[in-house]
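Colleague: One structure, as structure tokens, below. Some questions next.
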């Protein structure tokens, strides 16, 4: 039957990699797009799928848009399960490459 | 002659530069309106529950992008994203709805199959010709219904395995139509089995009443 697990594509891995980075706990969609160089047309469907699967969660930045003088940003952060799944996916890709360690 | 040609080239050059600056200024002036309109257009493609969130989120994203052309490019991306997100949502609604229907059908099949067994195993009921004929019809309908249900479940499973890319989601629409037709067929079958089931229940109730009157007499 239907599975809620997102398909692991190169772009999904890029996004997960950026969110796993220790430099920042959370990032806005624009920041993720800049870091991964993924266009907005591809970025948001992936983020939504990751969020539906529970791998990523998002929340609005604190503050009123009127006080901030701009629209609020929505920040994304990776969840515990998302982190585990991402590391597993990276490991699965890295394992076959170890055979070519001599390269 | 060369001087006149040179003068013309200079004048055309200046006019072109002035036109380019004017066009750029116009684009610059219209850009915020175009950005807002593109975002509204994109958000209108989304399911109702997502519109408010993504309108604000995408306004904020566009605000973070430097340059007017950068903002326009990003907003065109939002339109593509919204189309894909709407397809994903429609797809998961079809899958969830049908999964729920299949679960309800399984429950109804189990109950009706139990009724058939009970009647066949009850000596006073099993001998009644009118009841026996209805029970046989119901049993045959249940078998057909189970086969239909299994075919639909297989179709649903194959459809769910289709990858979630924009092109695949567009092609999914064909599969979704086939699944919906299967669902309609199942509903017709379910209506027939329920109707037969109701007739059987009425007959059993009458029989039980008559039996209890005879016993009390």
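We did not get these values from a lab; they are worked out from the coordinates using the rules stated. None of the values given here were measured: they were computed from a predicted structure. Cβ placement follows ideal geometry from the backbone for every residue including glycine, while neighbour counts extend to all protein chains displayed.
Colleague: What order do you get for B:144-153, A:71-80 when each peptide is scored by the mean count of other beta carbon atoms within 10 Å, highest first?
Modeller: With the highest mean Cβ count within 10 Å placed first, the list reads A:71-80, B:144-153.
Colleague: While we're on this one: Starting with the highest mean, order B:24-32, B:6-14, B:37-45 by the number of other Cβ atoms within 10 Å, averaged over the residues of each peptide.
Modeller: Ranked by mean Cβ neighbours within 10 Å, highest first: B:37-45, B:24-32, B:6-14.
Colleague: Sort B:61, B:207 by Cβ crowding within 10 Å, fewest neighbours at the top. Can you show the working numbers first?
Modeller: Details: B:61 28, B:207 17.
Fewest to most other Cβ atoms nearby, the residues stand as B:207, B:61.
Colleague: Related question: Can you give the average number of partner chain beta-carbon atoms within 10 Å of each beta-carbon in peptide B:50-62, as a whole number? If you can, show how the numbers build up before the last one.
Modeller: Details: counts 1, 0, 0, 3, 4, 1, 6, 11, 6, 4, 12, 12, 3.
Rounded to a whole number, the mean comes out at 5.
Colleague: Nearest 10 degrees, 0 to 90: what angle lies between the long axis of helix A:40-52 and the longest principal axis of chain A (Cα atoms)?
Modeller: The angle comes out near 80 degrees.
Colleague: Report, to the nearest 10°, how far helix B:48-64 tilts away from the longest principal axis of the Cα atoms in chain B, using its own Cα long axis and a range of 0 to 90°.
Modeller: 20
Colleague: Could I ask something else about it? Once the piece of chain linking residue B:121 and residue B:188 is laid out straight, how much longer is it, given 0.36 nm per residue of separation minus the C-alpha distance between them?
Modeller: The residue B:121-residue B:188 span can extend by a further 21.2 nm.
Colleague: What angle, in degrees between 0 and 90 and rounded to the nearest 10, separates the Cα long axis of helix B:129-160 from the longest principal axis of the Cα atoms of chain B?
Modeller: 20
Colleague: A follow-up question, please. Over all residues in B:80-89, what is the mean tally of Cβ atoms on other chains that come within 10 Å of each residue's Cβ?
Modeller: Per residue, the average neighbour count from other chains is 4.
Colleague: Evaluated at 37 °C with a viscosity of 0.692 mPa s, what Stokes-Einstein diffusion coefficient in µm²/s does chain B have when Rh comes from the Kirkwood expression over alpha-carbon pairs?
Modeller: The estimated diffusion coefficient comes to 139 µm²/s.
Colleague: Please work out the ratio of the alpha-carbon Rg of the stretch B:95-217 to 2.2 N^0.38 Å and round it to two decimals.
Modeller: Dividing the Cα Rg of the stretch B:95-217 by 2.2 N^0.38 Å gives 1.44.
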